[in-house]
Amino acid sequence: MTLYRSFSAVQTDLQSGIVTCRQLVEQYLDRIAEHQHLNAFTDVYTDESRQQADAIDQKISKGTAGRLVGMVIGIKDVLSYANHPLRAGSKILDGFTAQFTATAIQRLIDADAIIIGRQNCDEFAMGSANENSAFGPVRNAVDTSRVPGGSSGGSAVAVQAGLCLASIGSDTGGSVRQPAAFCGVVGLKPTYGRISRWGLVAYASSFDCIGPIANTTHDAALLLEVMAGHDEFDSTVSSQPIAEYSRAKLPDNKKLRIAYLRDGVESTGVDTSIRQATQRSIDALRNAGHTVEPVQLSLVNSLLPVYYILTTAEASSNLSRFDGVRYGYRDKSAPELLALYKQTRTTGFGAEVRRRILLGTFALSASYYDAYYTKAQQVRRLIREETERLFAQYDFLLSPTTPTTAFAIGEKNDDPLQQFLADIFTVQANVVGYPALSIPNGTDENGLPIGLQLMAPPFREGELVALGERIMNY
Ligand code: GLN
């Protein structure tokens with residue numbers, strides 16, 4: 001049976017009766033079983049996805065199937081799906097079952113997408129390598145001794161290895177785009193507020209975005225289109241009209257103005273193969289008649305400090321709800337209430353999450369609030385203003401998605417700061433709330449995938465995916 005790599009190919013064959021939803025699901029279930037060593041899924045909804053497939057096959061024969069008929073997806077373990085366990089890659093949610101379904105996921109289900117399972121990720125989406133999961137590391141399918149990136153590592157590997165057609169991840173500082181780059185697939189972080197966060201386990205609420213991972217820009221755009229839009233359960237969601245992202249085109253002879261980060265092709269901190277691949281994309285765009293010019297962000301050195309101060313501060317507040325009283329895991333050996341909180345949180349959270357809660361609590365403490373939290377908010381604003389000035393002159397900002405290709409499992413465990421550097425190109429989009437896309441851009445000398453990142457002004461996802469598609473076809 002064909003292993004489909006695009007939704008349009010699935011739909012063509014479904015319509016002509018060459019394949020059924022049930023056959024698609026059986027194929028993915030077989031492949032998931034064959035690829036268990038990748039550790040991409042934490043739960044596989046075997047019987048349920050078969051039942052859903054049969055019900056949708058019935059709808060096809062009656063002509064009542066929805067828009068996403070034949071779309072078999074996996075969801076990251078930070079997305080709520082009613083009556084299914086939800087653990088955010090953490091021990092602290094042991095035994096917890098979701099009571100409602102995330103708005104974004106419900107919209108996919110309503111359009112007849114089939115959810116095949118729940119995907120492994122870094123604990124509470126904190127990490128860049130998927131090594132911080134209570135369910136063990138995920139492996140990159142190109143080289144299983146290497147990481148898939150994080151935190152949506154399971155979601156990216158599942159698409160890479162053909163274990164589902166697309167995945168839904170979350171991106172707070174790069175968690176959709178960076179693993180997409182490491183795995184050679186497409187990852188889209190929409191504008192902040194484009195997709196409701198209702199039902200997404202909160203890491204840093206003013207940064208968090210749900211985003212699709214797929215083989216093609218078209219599939220990512222289509223998933224965005226279905227998930228996006230107003231929702232009364234999320235007060236930060238935008239009510240801007242939803243464009244037909246999956247049909248968006250750039251006018252044929254429009255000459256674009258594209259900025260690229262000089263560091264992305266010149267800094268020795270970026271792998272040579274990545275610099276070369278980025279340069280080739282720049283050359284191709286220039287050959288097509290577009291203006292492509294180097295820029296430098298004056299605040300580039302502040303990006304990671306601002307990101308890590310603000311996200312850990314928000315996380316320390318968001319994660320205070322996991323106290324052993326109301327949800328999931330409880331350390332029962334505690335003799336009294338205070339000890340119960342302490343012991344539950346000490347043994348329930350992993351090392352990285354504990355480190356971030358401590359850092360965030362420190363940044364928010366009375367004596368240091370102004371020095372760290374307030375300062376970081378001020379610099380966040382300066383970064384936004386600088387980005388706005390840049391986009392007053394240019395239509396897009398281009399860079400590599402990551403400074404390196406996938407590193408070895410365990411290689412960067414000793415020094416958390418080393419891992420933070422993996423996010424150097426991705427965090428800006430979250431700090432300012434702009435949409436950004438990672439597309440595959442060849443491989444390095446070891447055959448490891450390279451990603452190219454494109455960023456656009458708010459709510460320009462249509463143009464963003466259209467440019468991404470064009471570059472993928474060069
Ligand atoms: N790697 C970044 C972090 O650990 C990004 C994570 C994310 O986007 N969820 O915070």
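The values are calculated or read from the model by the stated rules, or taken from the named source; none is laboratory data. Computed from a predicted structure; not experimentally measured. With ideal geometry, Cβ positions are generated from the backbone for all residues, glycine too; neighbour counts draw on all protein chains shown.
For the reader, a short list of remarks on this structure follows.
- Among the residues making up the stretch 432-456, those that are more than 19 Å from the chain's Cα centre (by Cα) and either closer than 17 Å to A422 by Cα or not charged (D, E, K, R) (or both) are G442, T443, D444, N446, G447, L448.
One line per residue, one yes/no per condition, for (1) within 30 Å of S273 (Cα to Cα); (2) in contact with a strand residue (DSSP E or B) (Cβ under 7 Å, 6 or more places away or on another chain); (3) at pLDDT 95 or above:
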| site | (1), (2), (3) |
| --- | --- |
| K342 | no, no, yes |
| R345 | no, no, yes |
| T374 | no, no, yes |
| V379 | no, no, yes |
| L382 | no, no, yes |
| F396 | yes, yes, yes |
| K412 | yes, no, no |
| F425 | yes, yes, yes |
| G433 | yes, no, yes |
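- Selected residue (only one of R87, R22 is of a type in the set (K, R), in a loop (DSSP other than H, G, I, E, B) and touching a residue at least 12 places away in the same chain (Cβ under 8 Å)): R87
- In the stretch 87-103, residue nearest to D414 (Cα to Cα) [restricted to those that are among the hydrophobic types (A, V, I, L, M, F, W, C) and surrounded by fewer than 23 Cβ atoms within 10 Å (Cβ to Cβ)]: F96
- Residue list for the stretch 201-222, filter: buried (at least 24 other Cβ atoms within 10 Å of the Cβ) and over 30 Å from S317 (Cβ atoms): A214, T217, D219, A220, A221, L222
- Residues (loosely packed, with under 12 Cβ neighbours inside 10 Å and under 23 Å from the mean Cα position of the chain (by Cα)) located in the stretch 30-70: Q36, H37
- Restricted to helices (runs of 4 or more DSSP H) entirely inside the stretch 238-356, those with at least 2 residues that are in contact with a helix residue (DSSP H, G or I) (Cβ under 6 Å, 6 or more places away or on another chain) are 262-266, 272-287, 300-318.
- Flag if T103 is over 22 Å from I210 (Cα atoms) and either in contact with a His (Cβ under 6 Å, 6 or more places away or on another chain) or β-branched (V, I, T) (or both): no
- Those strands (runs of 3 or more DSSP E) of the stretch 104-189 that lie entirely within it include none in which at least 1 residues are within 11 Å of the ligand (Cβ to nearest atom), crowded, with 24+ Cβ neighbours inside 10 Å and of a type in the set (A, V, I, L, M).
- Residue check: F459 meets all listed conditions (1) within 23 Å of N253 (Cα to Cα); (2) buried (at least 24 other Cβ atoms within 10 Å of the Cβ); (3) within 18 Å of the chain's Cα centre (by Cα) but one, namely (2).
- Scanning the stretch 3-18 for residues that are closer than 15 Å to C164 by Cβ and either within 22 Å of the chain's Cα centre (by Cα) or part of a loop (DSSP other than H, G, I, E, B) (or both) yields L3, Y4, R5, S6, F7.
- Exactly one residue out of D112, D122 is touching a residue at least 24 places away in the same chain (Cβ under 8 Å), among the charged types (D, E, K, R) and under 25 Å from Q51 (Cα atoms), and it is D112.
- Scope the stretch 11-58; condition among the β-branched types (V, I, T) and out of contact with any Phe, Trp or Tyr (no Cβ under 7 Å at 6 or more places or on another chain); matching residues: T12, I18, V19, T20, V25, V44, T46, I56
- Taking residues in the stretch 240-263 that are surrounded by fewer than 17 Cβ atoms within 10 Å (Cβ to Cβ), and partners anywhere that are of a type in the set (S, T, N, Q) and assigned to a loop (DSSP other than H, G, I, E, B), the pairs with Cβ atoms closer than 9 Å and at least 6 places apart or on different chains are Q240/T191; R262/Q296.
- In this structure, A98 does satisfy being hydrophobic (A, V, I, L, M, F, W, C) and in contact with a His (Cβ under 9 Å, 6 or more places away or on another chain).
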